[in-house]
Every structure is written in C-alpha cells, then in structure tokens.
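The values are calculated or read from the model by the stated rules, or taken from the named source; none is laboratory data. For clarity, every value in this text was computed on a predicted model and none was experimentally measured. Backbone-built Cβ (ideal geometry, glycine too); neighbour counts: all protein chains shown. Surface areas here come from the heavy atoms of the whole protein model, side chains and all, with no ligands, DNA or RNA. Shrake-Rupley method; radii C 1.70, N 1.55, O 1.52, S 1.80 Å.
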Amino acid sequence: DPIHENVNVISIPRDTRVLIPEHRYYDKINSAFAYGGERLARRTVANLIGVPVHHYVVLKVHGLMNIVDILGGIEVDVEKEMHYLDRTAKLDINLHKGRQLLNGSQAHGYVRFRHDEIGDIGRVQRQQKFINAVIDKLLNPATIVKIPELVNEVMKNIETDMSTTDLIRLGNYLKSLRKEQIKMVMLPGRFGNIGGASYWLIDELLTKSVITEMFPSSIYADKTEQTTPNPAQSGQPEQAQLIDKRKYRITVLNGTEEPRLAA
C-alpha cells in the first residue's frame, strides 16, 4: 500500500474450507488452483476476504532454492527436529533443532514441512517466520550488491501478469520500507471435520476484524458514514437504522434437482 506506506500479508492455509466459484460447492482452497489455475484461485481468494486481487505471482520451487543460495543462505531458528521423506514429491527433509544457516534445499524443506500435530497451520507459521528472516537478509547493506543477480533469478522463476516495469517499480518501493511497516497474519479459524474431510474453518468475526484493519479496500472496511434517521421525519420505528448491506454476504445454495433454481 504505497499510500499508507506499509505491506500487509495474510496467509491462507491450504485446507481452508471455501465456496469455489463456478463449481458452486465447498472445497479446500488449494483445489481452486488445481481446478482453474490462477484465475479461479484469484476469484476464490477475493470472494473469501472481500478484497480484489489485481495481480498474481507464482514462485517456482527451484526459484526459492536458488534465491536463498544467492543470498548466501537464510538464518533460521528451527524449532524442532524435522524429518520427512516423500520420493513422489521429491521432498527429503532432514533438519535438526536450533539456530542455523539454511541453504536453498534446506530452506525449501523448512517452509514445506507440515507433518506434525498442527499440520498446515504450523507450516504457515514457519513460512511467515522464514519470510521475516528473508526480509532481514534483504535489508542488510551487504545484500545490495546481489540485487542484479537476484532480480535476474526472480524473473526466471516466477509466473506473473505484472510487467517488468511494474516489478521493478515494486522492488524499488520495497527497498525503502522498514521492517516495522510489514505486518503478517494468518487467516483466523480452527480445525474441523466435515464429511470425513479435515478443514481449516475460518472464524467469520475475527476474519472481518483482521481484514478491516489490514485492507482498507475490503468490502468489510467500508467507511461510508451511516446515520440513524429521525423517527419523527421518517415515520419509522425508533429502532430503525440505515444498514450498510455491503458488510454482509449471503450464499444461496440449490438443494433441489432443478438446475439454476438458486440463481
């Protein structure tokens, strides 16, 4: 947000239960990308948090690893022993507890590990912790000389609808930020089981509170002044108030066998 000079990041767990646009049924949010690529993923996220998604960036796996290696590694305090092998996914994680300098391959394992009691929620927390460590490294004056090499690597390992000019402008803006101007949160919710499937079920009230604070453009953060009409002038009951209907969302589902009845 260049106007308010800050960066707000919200992490959405991959198991978050959402209504998938077009498909018209509930599923885990990571299914949106599988069903319809970035276009459907963007629509799903926008519907969930009430904030338009103007652009997207997809970072390839090897891109993350190469960027970390160019930076000379990222220092992270690994909070527990992490050991996991998945040959199909080409994932071999073998990290010991304690503060250490992670190379690209180790960093890749750290941000993808989710095999503990809190699953994907722990992974989201680790990813945010890792991003903070990357920010510390990028703000280090010694990193400035590596900027051209980093930019070249990033351009080779991302898919985006942003132009090169936009990316450069964004990079220059980020360079001027201080760490205290960057805020990261996770979508509030709880674990739940529906129909035998495990989900992250969002907390509607907490989510609206977080979104309102972080994203001024959100439908939840509408600042339109609301007034209470004069009952004597309007002829309405004293309890009557003007309601900002944009704060509320209604989902109509079709429980019949007649197509498009809900519409």
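For this structure, a couple of remarks:
- Over the chain, dividing the summed -39,500 (n - 2.57) contributions of all DSSP H runs of at least 4 residues by the number of residues returns a 222 nm mean residue ellipticity of -11500 deg cm²/dmol.
- Hydrodynamic analysis of the chain uses the Kirkwood radius over alpha carbon pairs. Inserted into Stokes-Einstein at 20 °C and 1.002 mPa s, it gives a translational diffusion coefficient of 100 µm²/s.
- Simple label model, 7 Å out from Cα along Cβ direction - Ala197 to Val7, nm: 3.3
- Accessible area per residue, Å², region 23-116 with all protein chains present, probe 1.4 Å: 56
- Bridge type composition, the chain - antiparallel percent by DSSP, nearest 5: 80
- Computed over region 1-56, the convex hull of the alpha-carbon atoms projects to a mean area of 4.0 nm².
- FRET efficiency, 1/(1 + (r/R0)^6) with R0 41 Å, evaluated for Ser176 and Leu253 via beta carbons: 0.30
- Computed label-point distance, nm, for sites Arg260 and Tyr56 using a 7 Å Cα→Cβ extension: 2.7
- Of Lys60/Lys183; Lys80/Lys156; Lys28/Lys183; Lys80/Lys183; Lys146/Lys179; Lys129/Lys175, those spanning more than 29 Å from alpha-carbon to alpha-carbon: Lys80/Lys156
- With every protein chain in place, region 16-78: carbon and sulfur % of accessible area (1.4 Å): 54
- Ligands, DNA and RNA left out, the accessible area of region 92-227 computed with a 1.4 Å probe is 56% carbon and sulfur.
- Applying a DSSP loop filter and a limit of 15 other Cβ atoms within 10 Å to the GluC sites (Glu not before Pro) in region 1-41 leaves Glu5, Glu22.
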